[in-house]
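Okay, so here's the structure we're looking at.
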Amino acid sequence: MDSKCLTTQKKLSAYLDRQLAEDKCREIEQHLRQCPLCFKEKEMLERSWELLDNIKSESLSPAFESEVWQKIYVHEQEKNKSFLGKILNLTPATAAAMILLGIISGGYLGNELIYKKAILNNETNNSVAQQDTLFYLESFDDLPVDSVGVVLLNGSKKG
């Protein structure tokens, strides 16, 4: 299948609906006379439209649309009542602000707890608080030997 076939097949629906300019229609007709594959594709598309035209459409009750909208409204009201629904309706900016606030307040509270511990132990020396901070940071486990983090850290040290 060459590029002319692809171009023709992309435009077949518009061609059959008479939505193309006259010169484009002539190009497609000329190609269809020369290409059995594209001609067969056009025949299948026409047959599909004929079959679709013969399908009976179901009639809907006059109240169908209002019933659907009522169900959507009830569903939205129930979703907004639940706590989870309210959380899920947050905008990305609000969610990001809440996460940032949590990180900042966690860091602040962590530092306050370390300093209050030093004050309660009558240790006003900042080095004690710094030692506690280092202790908390050292309590994290080392990265596994073959982990991506180790590879990245070692790679950054080489460069």
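Among residues of the range 38-82 being among the aliphatic types (A, V, I, L, M) and outside any helix (DSSP H, G or I), the one that is nearest to S13 (Cα to Cα) is I55. The residue pairs whose first member lies in the range 1-27 and is in a helix (DSSP H, G or I), whose second member is among the aliphatic types (A, V, I, L, M) and exposed (fewer than 14 other Cβ atoms within 10 Å of the Cβ), and whose beta carbons are closer than 8 Å, counting only pairs six or more residues apart or on different chains, are C5/L37. For the range 50-80, the set of residues classified as farther than 30 Å from D17 by Cα and either of a type in the set (K, R) or touching a Gly at 6+ places or on another chain (Cβ under 7 Å) (or both) consists of K71, K79, listed by residue number.
Of the numbered criteria (1) at pLDDT below 85; (2) farther than 30 Å from E29 by Cβ, the one D53 fails is (2).
The values are calculated or read from the model by the stated rules, or taken from the named source; none is laboratory data. Please read all numbers here as calculations on a predicted model, not as lab measurements. Cβ sites come from the backbone with ideal geometry, for glycine too, and all protein chains shown count toward neighbours.
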